[in-house]
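S.K.: One structure is given below, represented as structure tokens, and several questions about it will come after.
The values are calculated or read from the model by the stated rules, or taken from the named source; none is laboratory data. On a predicted model such as this, the values are computed, not experimentally measured, just so you know. Heads up, the Cβs are rebuilt from the backbone with ideal geometry, glycines too, and the neighbour counts pull from every protein chain shown. For accessibility, only protein heavy atoms count, side chains too; no ligands or nucleic acids. Shrake-Rupley method; radii C 1.70, N 1.55, O 1.52, S 1.80 Å.
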Amino acid sequence: MKPLKDSKRTLLKPHLLSVEELSIPEIDILLNKANFYADANRQKGKIEKTLKGSTVITLFFETSTRTKTSFELAAKRLGADSIGINASTSAIKKGETLIDTAMTLNAMHADILIVRHPDSGAVKLLSEKVNCAVINAGDGTHEHPTQALLDALTIKRNKKNIKGLNIAICGDVLHSRVARSNILLLSKLGARIRIIAPPTLIPKGIENLGVEIFNNMEKGLINCDIVMMLRLQTERMKGLYVPSTREYFKFYGLDHKKLKNAKKDALIMHPGPMNRGIEIDSSLADNLDRSVIHQQVEIGVAVRMACLEMLTVGIDK
Amino acid sequence: MKPLKDSKRTLLKPHLLSVEELSIPEIDILLNKANFYADANRQKGKIEKTLKGSTVITLFFETSTRTKTSFELAAKRLGADSIGINASTSAIKKGETLIDTAMTLNAMHADILIVRHPDSGAVKLLSEKVNCAVINAGDGTHEHPTQALLDALTIKRNKKNIKGLNIAICGDVLHSRVARSNILLLSKLGARIRIIAPPTLIPKGIENLGVEIFNNMEKGLINCDIVMMLRLQTERMKGLYVPSTREYFKFYGLDHKKLKNAKKDALIMHPGPMNRGIEIDSSLADNLDRSVIHQQVEIGVAVRMACLEMLTVGIDK
Amino acid sequence: MKPLKDSKRTLLKPHLLSVEELSIPEIDILLNKANFYADANRQKGKIEKTLKGSTVITLFFETSTRTKTSFELAAKRLGADSIGINASTSAIKKGETLIDTAMTLNAMHADILIVRHPDSGAVKLLSEKVNCAVINAGDGTHEHPTQALLDALTIKRNKKNIKGLNIAICGDVLHSRVARSNILLLSKLGARIRIIAPPTLIPKGIENLGVEIFNNMEKGLINCDIVMMLRLQTERMKGLYVPSTREYFKFYGLDHKKLKNAKKDALIMHPGPMNRGIEIDSSLADNLDRSVIHQQVEIGVAVRMACLEMLTVGIDK
């Protein structure tokens, strides 16, 4: 771990690989700092360039707009030099291994590598080989910790407390690292989590994480404070998992009728990108009284600023 | 519209979507500021970073080198954080709508979105959904306002006045947003515009814009002050529109012989990228006594700096 | 050549196109400055932003991760505005010539163009048409001067002197601009160069460069101080040049047994990306007592910083 620049500041972790490894005090410090940046981003030009002289590299092996852009903006707002590596045109194509690519960027004195990879565990493996900090921006079906952190802060800013809330996570839980990270984080913070999905889209053993499971969305939404929809990978929808997108929307898409079962002030969330009319009714997605989908994006940049700061100069205790 | 930082500065418009909506005083203010930057860019390192802390995002749904690079350089020269979204690998591919992509970038507190899209009107539609400023970097066959502004300033710097000039716009007018924006802008500034093209490449109703139409290039060039060639999309050249590139060059390509019909000091312009030997003779393109093609590129960066400044902090009155 | 900003500083060359054209004093000045940056990069945040206000554009017609990233990091560390043009989606695809693309970027007041191109001589041709500085980041099978400079500095930092060293360059010399630039540079600096390769991978006339040629790797490595492995383009390995990757590794891959013929403290180098198990044994590549492969990457950024500085503001004498 690198020396602290200031004795009042603290590095919480050498890497940010999963929600699982974060303690509650660490989460609190991170979310407080992120909350500060969420406000600061609304008044441009006043942000201290705490990462000036630092090098942040994004290395994405899956396409992404929002997560990659969010991280790059976060890095730039804090004054870091930011470089994006497009893995589809990278040396990986010339036969280089993932680890060699990472060690090459490490040797260039990157301070932080932000990595997305289709294989669960690949980012952790990589983090063990480099001496710069690594952020997991999504690894296979394992974790996507910054998404869960931004979801938690979005809930906190709207509902004050996460403890005691009933949160429903709905849709393609089987393939979703977002679901997994959110279950782990929101449980840790005291929420009661329900999973709503067709039996084919529920991973085995998920009940060991302490969640309630519903196959019937109407029932699952009763008394919910938060309805968190997941993105349905439409390319997987043919055949095996779900009969058709139309059928899926009928039973597991969020519409006005089903939403009535939730609390009157229940909030709608979605990590994006949305398939309108498949997992969510278009007018609900756009209803700013209920949907906090754009707030999630906004707070995402702030959360990533806090994470970058945590891993380089440290965050004020 | 955002609050002005300084009472002496003025925001002209919330967006820059078309030449059509610009008033003559607004055009004058923009071109004056751009003229200042055109000179400043020749003496590096003295440009005030008026966009420091601002976020500029380019979102291009068609490939582009010169326009995208020109905007990115303009943003960086003014100190903005600049991020480019490659739409071909973006969330759009995952089924997200154009508007959702734009609103996502908006939620990240972009100050300016610079958008190119193959559909006419798409950029305007998008601008109605976001609260950041939007610049149209080309939408279908509709408009490309910064190209027309840079063309106008290039003419002004070489000919002093635009008023009263005879300007010939030659080639694939049918598919050209550049032609459309130039006709609107240069007419507004008092030039007389002629269109020179084969009948198949002239859009219906173009005469309503007050232009003269020529199918014969020799005749059309008589007494011209400016010969503005358009890029011919060679992929459209087979069959329907023009018989062959060789045939096309013979009748509508700019060569030494045809140019003799224009005024002795007539200037040659081209928005690029050029098809040498198809729409223009190579030696004419390179003749710096007549061709101002590189000046157009140079002034393009300056015009975009003025546009970015207009839409964020405002321009001095 | 541009005016010097400071009389104590000197521009060595208007461009950096090849090792061939560099004099020994010029190489010394460059490597001294690069050595300074190699140390400075280990203590972040203290680097003078000598390129502030400068524009550096990378224009790569072949894919690259390490070289492109290395140049971009070098530019950003010195405070330049850096823009990357992806040539596969550029105007070249619309029929524009290489020279027109370069002149367009030149007209935007780029200070330095960094160009990689599959054709030998293309970068020199381009440099003759623009008035900004040009760096050859690899042209066909001709030269890759910054790679040779970083290899030289890596050797110098580990062996103190290059003069008198026995350096073996092993593998696909035929297709390697890295080999060519290294032979030229390291010979100039007083090393004795040996080429080790199968007869099919040795270019005709290479002996005119004053190198010794070995087809037997065991013999070629005897008494060597440096074993510089080359990347084998596996796509060329079928048929004509080498029988199979397995066969190749047996005879020309660096393994523990063959390495024993070299000096006990011989260093292993590789320009990357590596094909582990084809041109080099994996455990040797990772043996930090022998392998300086990561140092090469690290020093690469420093060398490129020195080159960028040389071509813009000049280097202290």
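For every residue, the table says whether it meets (1) among the acidic types (Asp, Glu); (2) free of Cβ contacts under 8 Å to residues at least 24 places away in the same chain; (3) under 25 Å from residue A:306 (Cβ atoms); (4) within 14 Å of chain B (Cβ to nearest Cβ).
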site: A:163; (1), (2), (3), (4): no, no, yes, no
site: A:168; (1), (2), (3), (4): no, no, no, no
site: A:180; (1), (2), (3), (4): no, no, yes, no
site: A:208; (1), (2), (3), (4): no, yes, no, no
site: A:211; (1), (2), (3), (4): no, no, no, no
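S.K.: Could you list, in sequence order, the residues of the stretch A:153-165 that are outside any helix (DSSP H, G or I) and buried (at least 19 other Cβ atoms within 10 Å of the Cβ)? Step through it out loud before you land on a result.
M.R.: Quick first cut of the stretch A:153-165, residues outside any helix (DSSP H, G or I) only: A:160-165.
Residues satisfying the conditions are A:162, A:165.
S.K.: Out of everything in the stretch B:208-235 that is more than 23 Å from the chain's Cα centre (by Cα) and of a type in the set (A, V, I, L, M), what residue ends up being most open to solvent (accessible area, probe 1.4 Å)?
M.R.: Ranking the candidates gives B:222 first.
S.K.: Restricting attention to the stretch B:166-175, report how many residues are open to solvent by less than 20 Å² (accessible area, probe 1.4 Å), not in a strand (DSSP E or B) and not β-branched (Val, Ile, Thr). Talk me through it step by step, then tell me what you get.
M.R.: Initially, the stretch B:166-175 is screened for residues open to solvent by less than 20 Å² (accessible area, probe 1.4 Å), giving B:166-173.
Then drop every residue that is not not in a strand (DSSP E or B), which leaves B:171-173.
Subsequent filtering for residues that are not β-branched (Val, Ile, Thr) retains B:171-172.
Counting residues in the stretch B:166-175 that are open to solvent by less than 20 Å² (accessible area, probe 1.4 Å), not in a strand (DSSP E or B) and not β-branched (Val, Ile, Thr) gives 2.
S.K.: Another one. Taking the stretch B:30-50 as the region of interest, how many residues are surrounded by 12 or more Cβ atoms within 10 Å (Cβ to Cβ), modelled with pLDDT under 95 and under 29 Å from residue B:105 (Cα atoms)?
M.R.: Adding up the residues that qualify gives 3.
S.K.: For residue C:63, which of the numbered conditions (1) open to solvent by 20 Å² or more (accessible area, probe 1.4 Å); (2) without any contact (Cβ under 8 Å) to a residue 60 or more places away in the chain; (3) in a helix (DSSP H, G or I) fails to hold?
M.R.: In the conditions (1) open to solvent by 20 Å² or more (accessible area, probe 1.4 Å); (2) without any contact (Cβ under 8 Å) to a residue 60 or more places away in the chain; (3) in a helix (DSSP H, G or I), residue C:63 misses (3) alone.
S.K.: Still on this structure: So which residues in the stretch A:129-152 are among the aliphatic types (A, V, I, L, M) and crowded, with 24+ Cβ neighbours inside 10 Å, if there are any at all?
M.R.: Taking the stretch A:129-152 first, the residues among the aliphatic types (A, V, I, L, M) are A:130, A:133-135, A:137, A:148-150, A:152.
If the condition is that a residue be among the aliphatic types (A, V, I, L, M) and crowded, with 24+ Cβ neighbours inside 10 Å, then A:133, A:134, A:135, A:137, A:148, A:149, A:150, A:152 are the ones that fit.
S.K.: Quick one: residue B:147 ticks every box in (1) in a helix (DSSP H, G or I); (2) touching a residue at least 40 places away in the same chain (Cβ under 8 Å); (3) out of contact with any helix residue (DSSP H, G or I) (no Cβ under 6 Å at 6 or more places or on another chain) except a single one, so which number is it?
M.R.: It fails just one condition, (3).
S.K.: Could you list, in sequence order, all residues of the stretch C:52-73 that are more than 20 Å from residue A:110 (Cβ to Cβ) and out of contact with any Lys or Arg (no Cβ under 9 Å at 6 or more places or on another chain)?
M.R.: Across the stretch C:52-73, the qualifying residues are C:52, C:57.
S.K.: May I ask you to verify whether residue C:176 is in contact with a Ser or Thr (Cβ under 8 Å, 6 or more places away or on another chain), among the hydroxyl-bearing types (Ser, Thr, Tyr), at negative phi and touching a residue at least 24 places away in the same chain (Cβ under 8 Å)? Give the derivation first.
M.R.: Numbers: in contact with a Ser or Thr (Cβ under 8 Å, 6 or more places away or on another chain): yes; among the hydroxyl-bearing types (Ser, Thr, Tyr): yes; at negative phi: yes; touching a residue at least 24 places away in the same chain (Cβ under 8 Å): yes.
So residue C:176 fits the description; yes.
S.K.: Also, quick follow-up: Consider residue A:266 against the criteria (1) over 30 Å from residue A:39 (Cβ atoms); (2) open to solvent by less than 10 Å² (accessible area, probe 1.4 Å); (3) away from every other protein chain (no Cβ under 12 Å): it satisfies all of them except one. Which criterion is unmet?
M.R.: Against the list (1) over 30 Å from residue A:39 (Cβ atoms); (2) open to solvent by less than 10 Å² (accessible area, probe 1.4 Å); (3) away from every other protein chain (no Cβ under 12 Å), residue A:266 comes up short only on (1).
S.K.: Does residue A:72 fit the bill of being open to solvent by 20 Å² or more (accessible area, probe 1.4 Å), on the phi < 0 side of the Ramachandran plot, among the charged types (D, E, K, R) and in contact with a His (Cβ under 9 Å, 6 or more places away or on another chain)? Steps first, answer last, please.
M.R.: Working: open to solvent by 20 Å² or more (accessible area, probe 1.4 Å): yes; on the phi < 0 side of the Ramachandran plot: yes; among the charged types (D, E, K, R): yes; in contact with a His (Cβ under 9 Å, 6 or more places away or on another chain): no.
Answer is no for this residue.
S.K.: Kindly indicate whether any position in the stretch A:245-259 is touching a Phe, Trp or Tyr at 6+ places or on another chain (Cβ under 7 Å) and either among the hydroxyl-bearing types (Ser, Thr, Tyr) or open to solvent by less than 10 Å² (accessible area, probe 1.4 Å) (or both). Outline the logic, then answer.
M.R.: Looking only at the stretch A:245-259, we keep the residues that are touching a Phe, Trp or Tyr at 6+ places or on another chain (Cβ under 7 Å), and these are none.
No, the stretch A:245-259 has no match at all.
S.K.: Within the stretch A:52-97, count every residue that is more than 7 Å from chain C (Cβ to nearest Cβ) and modelled with pLDDT of 90 or more.
M.R.: So the count comes out to 23.
S.K.: Can you tell me which residue in the stretch A:282-313 is least open to solvent (accessible area, probe 1.4 Å), limited to those that are acidic (Asp, Glu) and within 14 Å of chain B (Cβ to nearest Cβ)? If you could, list the steps in order and put the result at the bottom.
M.R.: Taking the stretch A:282-313 first, the residues acidic (Asp, Glu) are A:286, A:289, A:298, A:309.
Going one step further and asking which of them are within 14 Å of chain B (Cβ to nearest Cβ), we end up with A:286, A:298.
Numbers: A:286: 78, A:298: 21 Å².
Selected residue: A:298.
S.K.: Within the bounds of the stretch A:127-135, is there any residue that is more than 14 Å from chain C (Cβ to nearest Cβ) and under 23 Å from residue A:187 (Cα atoms)? Lay out the reasoning, then the answer.
M.R.: From the stretch A:127-135, those more than 14 Å from chain C (Cβ to nearest Cβ) are A:127, A:134-135; that's our starting set.
Right, trim to under 23 Å from residue A:187 (Cα atoms) and you get A:135.
Taking every residue of the stretch A:127-135 in turn, at least one turns out to be more than 14 Å from chain C (Cβ to nearest Cβ) and under 23 Å from residue A:187 (Cα atoms).
S.K.: Does the stretch C:258-278 include one or more residues that are assigned to a helix (DSSP H, G or I) and not aliphatic (A, V, I, L, M)?
M.R.: At the first step, the residues of the stretch C:258-278 found to be assigned to a helix (DSSP H, G or I) are C:258-259.
With the extra rule that they be not aliphatic (A, V, I, L, M), the set shrinks to C:258.
Checked the stretch C:258-278: at least one residue is assigned to a helix (DSSP H, G or I) and not aliphatic (A, V, I, L, M).
S.K.: Considering only the stretch B:179-200, how many residues are surrounded by 23 or more Cβ atoms within 10 Å (Cβ to Cβ), part of a helix (DSSP H, G or I) and touching a helix residue (DSSP H, G or I) at 6+ places or on another chain (Cβ under 6 Å)?
M.R.: Qualifying residue count for the region: 4.
S.K.: How about the stretch A:111-121: which of its residues are within 17 Å of residue A:86 (Cβ to Cβ) and open to solvent by less than 10 Å² (accessible area, probe 1.4 Å)? Even if it seems obvious, please write down each step before you answer.
M.R.: Taking the stretch A:111-121 and keeping what is within 17 Å of residue A:86 (Cβ to Cβ), we get A:113-118.
Hits for the stretch A:111-121 are A:113, A:114, A:115.
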